[in-house]
Amino acid sequence: MTQAPILITGAGQRIGLHCAERLLDDGHPLIVSYRQERDGIARLRERGAIALQADFADEAGIMAFIAALKERTRHLRAIVHNASEWRPDTPGQEAEAFRQLFQVHMLAPYLINLHCAELLRHGGPADIIHIGDDVTRKGSRKHIAYAASKAGLDNLTLSFAARLAPAIKVNGIAPALIQFNPDDDDAYRAKALAKSALGIEPGAEVIYQSLRYLFDNPYVTGTTLSVNGGRHLI
């Protein structure tokens, strides 16, 4: 690779997969991580992306991924932390849920940023982007651990932006509803759409547009970009 690749974690499906494919469309070399083998990962490999299996459930898995990444490249154009876990606060499993969400949403970005910042210091544009969640604006009664770990990710954005400037910009994206799951029923869809001022299901392209904005603007760092359709207005 003559051009420094972009790393996207958790790129096997939905938003991560869409953004990975759009970056390939735009001619960027790509490295992606995945936990489970999926059809989307096979598609990315066929298009030339490097796919590295990774399990961010514990420190050992995170550090093993970092070592594998450094074996494949000496430089990175950007790191996009998209890997995410969705778990409710199930009675009797609260501590396990909190630990798992903390590992994926906070420890993995924290360690990857610390150990891979050197790959981004190549004299050209360099970015780290954390994909968070709009839920951090007000918390969640049913997903307390999830909301808290995503809020921690928002704070990592601020800290790393200060630490890594001016060579590396660090920003976040906080999506709300982006796309429904195929099995979401009409009642759920209507209720979810009513939570935003714009009232639409925008699709994953709006997150790619947000990535492009943050990549291309040289004067934005330490910012979390809200992509919520005006939910804060309702």
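Convex hull over the Cα atoms of the range 17-159, averaged projected area in nm²?
Mean projected area of the Cα convex hull: 9.4 nm².
Taking the range 100-234, how much of its Cα-Cα pair set, in percent, is spaced more than 19 angstrom apart?
Within the range 100-234, distances greater than 19 Å cover 55 percent of Cα pairs.
Suppose accessible area is computed on protein heavy atoms with a 1.4 Å probe; arrange T73, T136 from highest to lowest.
These residues rank, largest area first, as T136, T73.
What FRET efficiency do you get for R74 and N181 if R0 is 45 Å and r is their Cβ-Cβ distance, rounded to the nearest 0.05?
0.70
Give me the orientation-averaged projected area of the Cα convex hull of the range 163-208, in nm², one decimal.
4.9 nm²
Just the number: Rg to Rh for the range 79-144, Cα atoms, Kirkwood Rh, two decimals.
1.09
Give me the 1.4 Å probe accessible area per residue for the range 1-115, excluding ligands and nucleic acids, in Å².
48 Å²
Measure nothing but the geometry: give the 0 to 90° angle between the long axis through the Cα atoms of 59-72 and the longest principal axis through the Cα atoms of the chain, rounded to 10°.
Around 40 degrees separate the two axes.
Give me the percent of the accessible area of the chain that comes from carbon and sulfur atoms, probe 1.4 Å, all protein chains in place.
Solvent-exposed carbon and sulfur of the chain make up 52 percent of the total.
Which value, in debye to the nearest 20, describes the size of the charge dipole of the chain about its Cα centre when Lys and Arg Cβ atoms bear +1, Asp and Glu Cβ atoms bear -1, and nothing else is charged?
Dipole magnitude for the chain comes out near 500 debye.
Among G172, G61, G16, determine the one that fluctuates most according to a GNM of the chain built with springs between C-alpha atoms less than 10 Å apart.
G61
What whole number of Å gives the distance from the Cα centroid of the range 178-234 to the Cα centroid of the range 133-168?
17 Å
Could you name the lysines whose alpha carbon sits less than 24 Å from that of K191, not counting residues in the same chain fewer than 8 places away?
Qualifying lysines at Cα under 24 Å: K138, K142, K150.
For Q93 and R137, FRET efficiency with R0 = 35 Å and r from the beta-carbon atoms, rounded to 0.05?
Working from the Cβ atoms, E equals 0.85.
Would you mind calculating the gained length between E37 and L193 on full extension (0.36 nm times residue separation, minus the Cα-Cα distance), in nm to one decimal?
Result for the pair: 53.0 nm of gain on full extension.
The values are calculated or read from the model by the stated rules, or taken from the named source; none is laboratory data. Model, not experiment: these values are computed from the prediction. Note that each Cβ is placed from the backbone with ideal geometry, even for glycine, and that neighbours are counted across all protein chains shown. What goes into the accessible areas is simple: the full protein's heavy atoms, side chains included, and nothing from ligands, DNA or RNA. Shrake-Rupley method; radii C 1.70, N 1.55, O 1.52, S 1.80 Å.
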